[in-house]
Amino acid sequence: MRGLTLDGVGVITYRTDLPEPEVERSTDAVVAVRGAGLCGSDLHPYEGRERVRFGVIPGHEVVGQVVAVGDDVGDFMPGDRVLVPFTTNCGTCRPCIAGLSARCSSGELFGFGDPDLLSAPALAGGQAEQVRVPLAASTLVRLSDEISDEQAVLLADNFPTGWYAAERAGIVTGEPAVVIGLGSVGLCAVVAAISMGAAPVMAVDPLEDRRDRAERLGAQPVLPGDEESILPVGAVIEAAGTPVAQRMAVRLLRPGGTLSIISVPTADHFQVTAVEAYDRNITIRTGRAPVRSILDHLLGRVVAGEVVVPGEVLLTHPSVSLAQGAEMYRRFAAREPGVLKIAFAP
Ligand SMILES: NC(=O)c1ccc[n+]([C@@H]2O[C@H](COP(=O)([O-])OP(=O)(O)OC[C@H]3O[C@@H](n4cnc5c(N)ncnc54)[C@H](O)[C@@H]3O)[C@@H](O)[C@H]2O)c1
Ligand SMILES: [Zn+2]
Ligand SMILES: [Zn+2]
């Protein structure tokens, strides 16, 4: 089949000779990919900040159609249109029951692969024609017609991730919140914070194009450097993933405030000292978003129209061919104006 592989830092290869995935266990499904997002998380290994298993098919934000199922995949059937959250989950272990599907004791992350655990094969991702989904009965989410493929790509990761970040930032209706970093995750956090009643939501990013998108979504755009004008607030979301951005986030917190860090760490330590945290009674929350658990309560609200997934504002490239993979990775990593959220459509 056709697909992309990450073969080294900065090296994405378009291949036409990849083996098609098969049902390997009775709990597996195989999904034909209709859309697979390119995420800021894909940039960490691509830019060499995170070690992964080179040769892996990347991609962890998938919408598609079931083409094959094992004997224990519940009521999913070939032809079902489904969303694949970025991790698999069993639905019955202690983390799953506690709403932490992304920390399922038998869960796996699509498209990375632990380079130090060579005995376990890397779970191939979705930037390809097909993807194998382990633990399919409890991982897959059936999609109704009200949800477009574009929205589903965002619902497989960035939208529930931004929602999770906002939920854990201690937002209070009528009180301000700040979002730092306006990639797709930060912009989804803007939408979530506004939905939760934060007012105003101030949105910080050096890139004008991204600040403009935040403004279209209802936030007040702020250029880094001008954030001194912001009075310290109780809820700060850091979705940028750099130590500089995290320092800014800490400076903007008022006593008793919450720092919700949704970025994947790229430094060994939080950019806050024990004394700063103590002296201002700061709460820090961080971690991988449990997309499958969040969708249990969020998807119904999206279908009911109570919560709007901003596909038109975010998905600048909703249907790119896999053959353009290397070029699109390069343009996304360069943060070209007008390039925000890309989805491959095999
Ligand atoms: N916790 C999770 O489960 C989870 C899930 C998905 C993504 N992520 C992480 O969330 C982060 C954001 O993802 P994304 O897809 O939006 O990434 P992205 O790379 O598209 O966006 C990052 C944004 O931060 C901005 N930025 C950089 N330095 C800044 C600074 N000093 N001040 C303000 N803004 C700054 C950039 O200009 C960019 O717009 C990444 O670290 C990603 O790995 C985490
Ligand atoms: Zn992602
Ligand atoms: Zn589990």
Helices (runs of 4 or more DSSP H) enclosed by segment 199-292 - at least 2 residues per element that are open to solvent by less than 70 Å² (accessible area, probe 1.4 Å) and farther than 14 Å from residue 178 by Cβ: 208-216, 274-279
First in segment 245-259 and farther than 13 Å from residue 278 by Cα and not assigned by TED's automatic domain parsing to the domain that holds residue 178, second anywhere and open to solvent by 10 Å² or more (accessible area, probe 1.4 Å) and not in a helix (DSSP H, G or I), Cβ under 6 Å, 6 or more apart: none
Residue check, residue 150 more than 17 Å from residue 12 (Cα to Cα), touching a Phe, Trp or Tyr at 6+ places or on another chain (Cβ under 8 Å), of a type outside the set (S, T, N, Q) and within 16 Å of ligand 1 (Cβ to nearest atom): no
Condition check for residue 126: of a type outside the set (Phe, Trp, Tyr), more than 30 Å from residue 233 (Cα to Cα) and in contact (Cβ under 8 Å) with a residue 12 or more places away in the chain: yes
Matching residues, segment 65-88, being within 16 Å of ligand 2 (Cβ to nearest atom) and either outside any loop (DSSP other than H, G, I, E, B) or farther than 15 Å from residue 132 by Cβ (or both): 83, 84, 87
Residues satisfying the stated conditions in segment 77-103, i.e. of a type in the set (Gly, Ala, Ser) and surrounded by fewer than 23 Cβ atoms within 10 Å (Cβ to Cβ): 79, 91, 98, 99
Any chance residue 5 is in contact with a Ser or Thr (Cβ under 6 Å, 6 or more places away or on another chain), over 26 Å from residue 294 (Cβ atoms) and buried (at least 18 other Cβ atoms within 10 Å of the Cβ): yes
Residue in segment 258-268 that is at pLDDT 95 or above and in contact with a Pro (Cβ under 9 Å, 6 or more places away or on another chain) present: no
Residue in segment 48-61 that is hydrophobic (A, V, I, L, M, F, W, C), touching a strand residue (DSSP E or B) at 6+ places or on another chain (Cβ under 7 Å) and buried (at least 20 other Cβ atoms within 10 Å of the Cβ) present: yes
Conditions (1) free of Cβ contacts under 8 Å to residues at least 40 places away in the same chain; (2) within 16 Å of ligand 3 (Cβ to nearest atom); (3) out of contact with any Gly (no Cβ under 9 Å at 6 or more places or on another chain); number of the one not met by residue 85: (1)
Among the candidates 313, 302, 339, 307, residue that is assigned by TED's automatic domain parsing to the domain that holds residue 11, without any contact (Cβ under 8 Å) to a residue 60 or more places away in the chain and open to solvent by less than 40 Å² (accessible area, probe 1.4 Å): 339
Lone unmet requirement of (1) within 20 Å of residue 218 (Cβ to Cβ); (2) surrounded by 24 or more Cβ atoms within 10 Å (Cβ to Cβ); (3) touching a residue at least 40 places away in the same chain (Cβ under 8 Å); (4) more than 16 Å from ligand 2 (Cβ to nearest atom) for residue 190: (3)
Residue 50, sole failed condition from (1) at pLDDT 95 or above; (2) in a loop (DSSP other than H, G, I, E, B); (3) within 18 Å of residue 157 (Cβ to Cβ); (4) not aromatic (Phe, Trp, Tyr): (1)
Candidate set: segment 326-336, residues that are away from ligand 2 (no atom under 16 Å from the Cβ), of a type outside the set (Lys, Arg) and in a helix (DSSP H, G or I); chosen: the one surrounded by the fewest Cβ atoms within 10 Å (Cβ to Cβ): 327
Segment 115-162, residues that are open to solvent by 10 Å² or more (accessible area, probe 1.4 Å), more than 16 Å from ligand 3 (Cβ to nearest atom), of a type outside the set (D, E, K, R) and part of a loop (DSSP other than H, G, I, E, B): 115, 117, 118, 119, 120, 121, 122, 124, 143, 144, 148
Lone unmet requirement of (1) assigned to a loop (DSSP other than H, G, I, E, B); (2) within 16 Å of ligand 2 (Cβ to nearest atom); (3) open to solvent by 10 Å² or more (accessible area, probe 1.4 Å) for residue 106: (2)
Out of 219, 203, 235, 198, sole residue that is touching a Leu at 6+ places or on another chain (Cβ under 7 Å), closer than 22 Å to residue 285 by Cβ and of a type outside the set (Lys, Arg): 203
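The values are calculated or read from the model by the stated rules, or taken from the named source; none is laboratory data. Values in this document were obtained by computation on a predicted structure and should not be read as measured data. FYI the Cβ positions are ideal-geometry reconstructions off the backbone, even for glycines, and counts take in every protein chain you see. Please note that ligands, DNA and RNA were not included when accessible areas were found on the heavy atoms of the full protein model with its side chains. Shrake-Rupley method; radii C 1.70, N 1.55, O 1.52, S 1.80 Å.
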